[in-house]
Ligand SMILES: [Zn+2]
Ligand SMILES: [Zn+2]
């Protein structure tokens with residue numbers, strides 16, 4: 001049981017940290033051509049940028065598939081990555097960007113902090129002057145300001 005939890009947490013954390021890195025140095029770098037579709041007002045429901053979610057989702061499915069026989073670390077990391085993906089979808093796509101209108105602006109200070117940090121990321125639609133690349137790991141200042 002402890003074994004499972006450790007690798008679920010590890011999979012979840014690995015996504016936030018590698019996600020931060022990939023977002024900052026690759027998506028706002030060589031793959032800006034794909035990611036910029038997320039920084040522009042889109043006309044359709046899907047954006048080219050959704051390819052990244054598809055890629056991360058495929059990695060999770062692959063790990064679960066490889067590890068399901070023995071329920072080894074690959075399976076639990078796949079579960080952790082999937083939980084991250086679900087949280088990311090609900091917070092980033094639904095709560096912040098309102099691609100599906102399930103909730104209004106959050107009231108909890110934790111969610112409001114994440115919300116403001118990601119809005120700050122979208123304050124620009126350019127490649128080079130964006131801030132706040134993580135989803136959960138963001139500068140503390142966003143949790144302090146009252147509004
Ligand atoms: Zn971005
Ligand atoms: Zn966004």
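Applying 0.36 nm per residue to the separation of residue 65 and residue 50 and subtracting their alpha-carbon distance, the gain on full extension is 3.2 nm. Length, then width, then depth: along the principal axes, the Cα atoms of region 73-116 run 37, 22, 12 Å. Its Cα gyration tensor gives region 22-83 an equivalent ellipsoid; the semi-axes, largest first and in whole Å, are 30, 13, 8.
Diffusion of the chain by Stokes-Einstein, at 37 °C in a medium of 0.692 mPa s and with Rh set to the Kirkwood radius over alpha-carbon pairs, works out to 201 µm²/s. For the pair region 114-128 / region 31-62, the C-alpha centres are spaced 16 Å from each other.
Where a number appears in this text, it was derived from the coordinates with a stated rule and is not lab data. What you are looking at is a predicted structure, and each value in this text was computed from that prediction instead of being measured.
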